[in-house]
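The values are calculated or read from the model by the stated rules, or taken from the named source; none is laboratory data. It should be emphasised that the depicted structure is a prediction, and the values quoted were computed from it without experimental measurement. Cβ: placed from backbone, ideal geometry, glycine included. Neighbour counts: every protein chain shown.
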């Protein structure tokens, strides 16, 4: 599947969601103050994907304190690991928590800026993202 087709599929029927309404420099400062030693990214152009998984997979995730939800980011405004923006997009690991537009995986905090989307999708669609260039 081509990237453009997959993007259309993911956004078709997605719910519009507002992230943090701050300019990039203020978001970076906020993230630095709130994240402590934990790695973080400030992200624009994002989508939250609630992944449909089997009941046994959902129980396994819950046993690890996770939820079957991932975040896709297309614009990485700031990545604390390299102290700046970086090209390309990313897919988070499964969600640990999601509070006030901060998506947390087990190892990284993602500060979601501006408008984004949320949608239910299949695990197959999410795994296909790894093969799209």
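Those residues that are out of contact with any strand residue (DSSP E or B) (no Cβ under 8 Å at 6 or more places or on another chain) and either modelled with pLDDT of 95 or more or closer than 14 Å to residue 123 by Cβ (or both), I need them from the range 35-58; list them, please. Passing the criteria: 53, 54, 55, 56, 57, 58.
Looking only at the range 62-78, residues that are in contact (Cβ under 8 Å) with a residue 40 or more places away in the chain and closer than 19 Å to residue 31 by Cα come to 4 in all. Scanning the range 54-83 for residues that are more than 18 Å from the chain's Cα centre (by Cα) and either under 19 Å from residue 113 (Cα atoms) or in a loop (DSSP other than H, G, I, E, B) (or both) yields 54, 64, 82, 83. For residue 49, indicate whether it is assigned to a loop (DSSP other than H, G, I, E, B), touching a helix residue (DSSP H, G or I) at 6+ places or on another chain (Cβ under 9 Å) and surrounded by 12 or more Cβ atoms within 10 Å (Cβ to Cβ). So residue 49 does not fit the description; no. Being part of a loop (DSSP other than H, G, I, E, B) and within 14 Å of residue 43 (Cα to Cα) is the filter here, so list the residues in the range 84-99 that pass it. Once the filter is applied, which keeps residues that are part of a loop (DSSP other than H, G, I, E, B) and within 14 Å of residue 43 (Cα to Cα), the range 84-99 yields 87, 88, 89, 92. For the range 1-25, a residue qualifies if it is at pLDDT 70 or above, within 18 Å of residue 76 (Cα to Cα) and either in contact with a helix residue (DSSP H, G or I) (Cβ under 7 Å, 6 or more places away or on another chain) or not in a strand (DSSP E or B) (or both), and the qualifying residues are 19, 20, 21, 22, 23, 24, 25. Checked against (1) free of Cβ contacts under 8 Å to residues at least 60 places away in the same chain; (2) loosely packed, with under 13 Cβ neighbours inside 10 Å; (3) within 20 Å of residue 128 (Cα to Cα), residue 13 passes all but a single condition, namely (1).
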